[in-house]
Amino acid sequence: MSDLVGDARHLSPSAQEALRLRAVAALVAGRDPEDVAAVFGVSLKAVDSWWAKWQAGGREALVMQPRGKPVGVHQVLGVEQAAVRQAVLDHRPCDVGLSGQLWTRRLVGELIAKLYRVRLTEPGVGKYLRRWGLSFQRPDKRAVEQDPQAVRRWHEETWPAIQAKTKKDGGEVLFADQVGIRSDQVTGRTWGEKGRTPVVRRTGNRFSVNAMSAISTKGRMHFMVFAESFTAEVMCRFLDRLAGHFDRKVHLVVDGHSAHRSKKVRDWLAAHPDDVELHFLPPYSPELNPDELVNADLQYSLPKQNRARNQAELAAETRRFFRRRQRQPHIVRGYFGGPHLRYVLDQTT
């Protein structure tokens with residue numbers, strides 16, 4: 001319905017609809033088609049066309065119609081091509097003969113061309129991806145060395161056994177991990193002038209400290225900050241301090257670090273059977289340890305306030321972070337809320 005002349009061509013679709021209806025109303029009232037065309041600034045051909053449509057279909061034939069094709073009509077890909085969606089969810093591009101580890105619109109387009117000999121633009125591919133309920137996200141990372149069967153056993157056998165043992169001896173489960181903090185570490189973003197990267201000034205001296213922490217679903221946090229490397233001796237010192245804070249047995253969940261499995265630590269545990277028992281996570285599975293989120297929180301938060309000029313000041317700032325979190329049990333409990341960590345809360349009584 002674009003038989004308009006003059007300025008009427010630039011009217012909005014709703015204004016054009018109103019014009020058509022008014023012109024036909026004038027014809028119905030007995031006005032001459034030539035007069036109607038002159039009054040409304042349209043061609044005589046347009047007036048004749050509207051009159052014919054009104055006679056054939058009434059008012060509905062003149063109202064504004066949606067432009068373009070209805071959703072799902074004449075799509076290049078039909079419902080049967082949902083295999084593309086499943087391939088994106090279940091595989092990496094390199095698994096299906098393409099390059100790369102992550103899916104982009106270009107690579108999805110290449111997969112479509114490979115499977116169905118249809119070429120789509122990247123915006124077109126994006127429309128299909130959104131229609132399929134997909135969105136562009138930052139992926140979780142997994143080590144290729146991780147054993148899925150070991151993770152399954154952890155969920156189905158090991159963790160329930162730890163829970164049962166803890167309940168039987170009236171103990172408490174804590175998850176522990178160690179982390180290093182460097183003086184030259186800067187994370188996060190800051191505002192700056194467009195086209196000029198902001199400069200963050202910090203000391204040129206490089207130094208670091210390490211920390212060991214342990215948390216429970218009850219919001220408890222225990223920590224130790226130290227300057228030396230993490231060794232079996234340091235682990236035993238941490239176990240001594242941890243045992244001193246509890247009047248019941250601690251079931252401590254840790255990763256497979258060599259210090260955790262050392263002879264010195266085994267000897268310490270043998271000498272303190274009623275104080276602490278170690279349980280080991282599956283190899284290469286940091287996502288199963290909520291204390292990893294403590295480390296991430298520390299490494300993200302500390303550089304924002306970090307003014308340390310030497311190792312002692314860095315250690316003091318690290319201790320302040322942990323003491324602040326000790327006074328915030330709701331945040332500590334929140335570390336257990338990640339999608340891969342809810343199993344802890346789901347099975348905790």
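The values are calculated or read from the model by the stated rules, or taken from the named source; none is laboratory data. Model, not experiment: these values are computed from the prediction. Quick reminder, even Gly has a Cβ in these numbers, built from the backbone with ideal geometry, and neighbours come from all protein chains shown. The protein model used for the area step is the full one, side chains on, heavy atoms only, and it has no ligands, DNA or RNA in it. Shrake-Rupley method; radii C 1.70, N 1.55, O 1.52, S 1.80 Å.
Between beta-carbons, use under 15 Å as the cut-off and find the net charge around residue 130, counting Lys and Arg +1, Asp and Glu -1.
My count for the surroundings of residue 130 gives +3.
Between residue 272 and residue 14, what's the calculated FRET efficiency when r is the beta-carbon distance and R0 is 51 Å? Round to 0.05.
On the way: r = 81 Å, r/R0 = 1.58.
Approximately 0.05, to the nearest 0.05.
Could you rank 293, 341 by how accessible they are, 1.4 Å probe, largest area first?
Numbers: 293 70, 341 10 Å².
Sorted by accessible area, descending: 293, 341.
If the cut-off is 20 Å between C-alpha atoms, which aspartates and glutamates fall inside it for residue 114, apart from same-chain ones fewer than 8 positions away?
80, 90, 95, 122
For residue 249, give me every one of the aspartates and glutamates with a C-alpha distance below 12 angstrom, ignoring sequence neighbours fewer than eight places off in its own chain.
Correct list for residue 249: 169, 172, 274, 275, 277.
Exceeding 26 Å between C-alpha atoms, which entries from my cross-link table qualify? They are 165/263; 53/127; 167/264.
Check vs 26 Å cut-off fails for 53/127; 167/264.
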